[in-house]
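Student: I have a structure I would like to understand better, so I am pasting it below and will then ask my questions one at a time.
Just so it is clear, none of the values below were taken in a lab; they were calculated from the coordinates. It should be emphasised that the depicted structure is a prediction, and the values quoted were computed from it without experimental measurement. We place every Cβ from the backbone using ideal geometry, glycine too, and count neighbours over all the protein chains shown.
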């Protein structure tokens, strides 16, 4: 079954982005490292990055020596660029992807930002609409009824 140009996987990825954006919108300020991992790791997986668990003490120690929660790259022996993302604290794993996976990841990030901006705009419009409706219901135009602070 196909859903548009991106197929079922694209539709699932879009739903994932919307869900993550909704959760992120509830947070105030900068995301915590845990929130950052929870936001980025599903996008990395959806983009085609492979999760490699640090399943030995040596691997975990090496993982902890890498920059955490940031997409990095290296050039392989074959000349191809490989992208990686280390998470030593939450999933205790490394995500590894190729150029195609990285491009999909970047595309998902852009769509997530757009969805977040649209969500913020919708919330602001809703709040403005609510304020206008409240102002229309106030017969005095002051935001409060008679007898409050005026002594009449």
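Student: Rounded to the nearest 0.05, what FRET efficiency do residue 30 and residue 96 give with R0 = 30 Å and r taken as the Cβ-Cβ distance? Could you check? Don't skip to the answer; put the middle values down first.
Tutor: On the way: r = 27 Å, r/R0 = 0.89.
The value I calculate is 0.65.
Student: Just to be sure I understand the model, the point goes 7 Å from the Cα along the line to the Cβ. What's the resulting residue 129 to residue 51 distance in nm?
Tutor: 3.8 nm
Student: Next question. Taking 0.36 nm per residue of sequence separation and subtracting the Cα-Cα distance, how much length would be gained by fully extending the chain between residue 117 and residue 75, in nm to one decimal? Numbers along the way, then the final one.
Tutor: Working: separation 42, 0.36 × 42 = 15.12 nm, distance 3.47 nm.
Separation in residues times 0.36 nm, less the Cα-Cα distance, equals 11.7 nm.
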